[in-house]
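One structure below.
Here, each number is a calculation from the coordinates, and none is a lab measurement. It should be emphasised that the depicted structure is a prediction, and the values quoted were computed from it without experimental measurement. Every residue, glycine among them, receives a Cβ derived from its backbone with ideal geometry; neighbour counts consider all protein chains shown.
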Amino acid sequence: MNHYPLTKIVDDMRAWRQQIHSFPETAFSEFETSKLIAKVLRKATIEVHENIATTGVVGVLKAGNSNKSIALRADLDALHIQELNTFDYCSKVPGKMHACGHDGHSAMLLGAAKYLAESQDFDGTVYFIFQPAEEQGSGCLSMLAEGLFDRFPADEIYGMHNMPSYDAGTFAIKPGVMLAAFATFECEIEGKGTHASMPETGINPIEVAVEVHQAWLKHYQSNIDTNEIKFSITKFESGAALNVIPNTALLGGSVRYYSNEEIDNFRQTMLHLVKIICDKYQSKFEFNFNTICTPLVNSDKQAMFAADVATHIVGEAKVERSIDRLLASEDFAYFLEKKPGAYILIGNSGEDHGGCMIHNPHYDFNDDILETGASFWIKLVEQYLSKNL
């Protein structure tokens, strides 16, 4: 492992991380988090651009004369979860917490930015992107809509996320499709409300919705490769009184998938089945299917480069170069549709961390990996923007 003189910056990263953890902010409301990030970047004499997609921040650091450039991204937002931890820096905001480690992601990228600003051991431009609203799945698209890459035209872009199921001090990545797409759907069925004692005078939308659900599920279980598509009904809403047949029923849920072509076929079948059943009952319906995140596809060359950098930090034995695809989703996928790049996982387990997955009210980012993560970012920049090329 290549050791970096990060002792003082590690202390800073720990302080920044725990400060952000104490005051979590959710999608597009990360105002205090953004102020902290901008303050740290400015103190490090890094050019700062704020208020991108409301709360996004981009730091720009240049050294030497090269026209090459690289972008590194961290996410800012917390989740709507009530924290159940009791340590001193636990969430001070009721109903919100950093249960996904974005506090750690921001701290690691800040640490790398501070180090690189001091060392200047590279030739080119680094863009440090601090993105809002990753959990909502719209922060990346909002930044792109505001001309992110027109203003900050990076050649390549990289992202990193902690993973408690991997040992601290390890990395994992996969060329090609690494994370699944995420879509949601809702189907509102309109029947004909009536008195419960006279069901023959109405159309019960609950009965229609139940048949739709059964038809969807039967098709999914009989015709779909469940390793490629994960389909779940997560919402069923109808009725308010026990003696009233309601006028509407609402079905909703989510789908995870790896192939846009396969999900298009599945979506069309869902719509076809709804139409057949509603026609039978002479009921109306409205069906909406919304893609939140597309599949995350790592560029082959850039994935290999990221793995090589990780190997330089922790050694070959601690870098998994071809993990199985994950059903988790990330809006970083939209950045990778615009620029070559890669997304890598950093192991986050350790004492009091190994048994707790992200999005859990007892989760806490493992500060022991702050140096490892910052070192990865530093070496990535130094290798990509090497003075020796």
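In table form, for the structure just shown:
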read-out: Compactness of region 1-124, expressed as Rg and Dmax over alpha-carbon positions, Å; value: 15.4, 50
read-out: Ordering of 270-279, 72-81, 13-22 by packing [mean C-beta count within 10 Å, highest first]; value: 72-81, 13-22, 270-279
read-out: Förster-model FRET efficiency, 25 Å R0, GLU47 and LYS301, C-beta, rounded to 0.05; value: 0.30
read-out: Value in Å of the Kirkwood radius, where region 211-359 supplies the Cα pairs that are averaged; value: 19.1 Å
read-out: Region 294-389 - Kirkwood radius from inverse mean 1/r over Cα pairs (Å); value: 15.1 Å
read-out: MRE, 222 nm, helices only [DSSP H, n ≥ 4, -39500 (n - 2.57), over the chain, to nearest 500]; value: -11000 deg cm²/dmol
read-out: The chain, Cα convex hull volume normalised per residue, Å³; value: 153 Å³
read-out: Separation between Cα centres of region 1-68 and region 257-299, rounded to whole Å; value: 40 Å
read-out: Eligible lysines near LYS339 by straight Cα distance, threshold 29 Å, same-chain separation 8 or greater; value: LYS35, LYS39, LYS62, LYS68, LYS114, LYS174, LYS230, LYS301, LYS318, LYS379, LYS387
read-out: For region 244-256, Karplus couplings with θ = phi - 60° (6.51, -1.76, 1.60), whole Hz, Gly/Pro x; value: 10, 7, x, 8, 9, 9, 10, 10, x, x, 9, 9, 10
read-out: All aspartates and glutamates inside 18 Å of LYS43 as judged from Cα atoms, apart from same-chain residues fewer than 8 positions distant; value: ASP11, ASP12, GLU32, GLU118
read-out: Reachable lysines, given that their alpha-carbon falls under 23 Å from the alpha-carbon of LYS280 and they are not under 8 places away in the same chain; value: LYS192, LYS218
read-out: Over region 181-293, relative contact order from alpha-carbon pairs under 8 Å, at least 6 apart, %; value: 45 percent
read-out: Local net charge near ALA107, Cβ-Cβ under 9 Å (Lys/Arg +1, Asp/Glu -1); value: -1
read-out: The chain, relative contact order [Cα under 8 Å, separation at least 6], %; value: 25 percent
read-out: Percentage of interatomic Cα-Cα distances in region 181-293 larger than 19 Å; value: 45 percent
read-out: Charge tally in the Cβ shell below 15 Å around GLN302, where Lys, Arg are +1 and Asp, Glu are -1, GLN302 excluded; value: +3
read-out: Positive minus negative residues near ARG42 (Lys, Arg vs Asp, Glu; Cβ under 15 Å); value: 0
read-out: Distance in nm between pseudo-label sites at THR234 and ASP324 (7 Å out along the Cβ direction from Cα); value: 2.1 nm
read-out: Gain upon complete extension [THR291, ASN243; 0.36 nm per residue less C-alpha separation]; value: 13.5 nm
read-out: Label-to-label distance, nm, for residues given as SER197 and VAL60 (7 Å Cα→Cβ offset); value: 7.5 nm
read-out: Residues ASN67 and ASN360, FRET efficiency given R0 of 51 Å [Cβ-Cβ distance, rounded to 0.05]; value: 0.70
read-out: Label point distance in nm, GLU261-THR86, each placed 7 Å from Cα along Cα→Cβ; value: 5.6 nm
